[in-house]
Amino acid sequence: MGNAVAREAQPVVQRLISRWLLRSRLEVALAGLDGSGKSALARALAAEPPLAAAPSLKPTIGLVVQRVQHSGLDLSLWDLGGRQRFRFDWARHVSGCDALLFLIDVSDRDRLAEARQALHMLLDDPRLRGLPLLVVASKCDTLQPRDRAELERLGWAPLSRLLNLDCVTEQSWSVLGVSATDGLNLPALT
């Protein structure tokens, strides 16, 4: 069921659009390690002031649910705390959502193994079978432009391999590079 290499977020986005057509409210979970950019992405999707003009974000404790109006849709963004002590609650919160966006901080290579482990622990929960998954390569604006262009050309395949996404068979999944601070690929999410 999973995509071997995802050049764009089309499979997940198409599945979400089909759900959107059936109803006007959508629940989307934002999960990932602490510091991966979940709260920044929620702010950007809510069209709040750019982060450069806003005070720095504090770590999410537990979860924060933010309602956003976009294109006639009522979106509830579940920003799940990424610290180790909150990760065991992720599946309980995500199981009631329509989609999962799992954020990976591409500028923090030292924590990729930890992110892979957290992602697979979450996806092992049987309540999440069939839930569309979008892996967000967050903070991709921090990469060298040439490196980012190559990763995009390859459909983020190196990241997909590092995260063992080829083992994900219970969800349709895609990978998309996004920057909440400069808006890179934000329109592809909404």
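The values are calculated or read from the model by the stated rules, or taken from the named source; none is laboratory data. Quick caveat, the model's predicted, so the values are computed rather than measured. Only protein heavy atoms, including side chains, enter the accessible area calculation; ligands, DNA and RNA are left aside. Shrake-Rupley method; radii C 1.70, N 1.55, O 1.52, S 1.80 Å.
Below, the figures for the structure above:
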read-out: Residues with amide H under 5 Å from that of LEU184, placed H, sequence gap 5 or more; value: SER179
read-out: Of all accessible heavy-atom area on the range 34-190, the percent that carbon and sulfur account for (1.4 Å); value: 52 percent
read-out: Cα gyration tensor shape for the range 82-190, rounded if a/c is under 1.5, else prolate or oblate; value: prolate
read-out: Per residue accessible area of the range 88-136, 1.4 Å probe, in Å²; value: 43 Å²
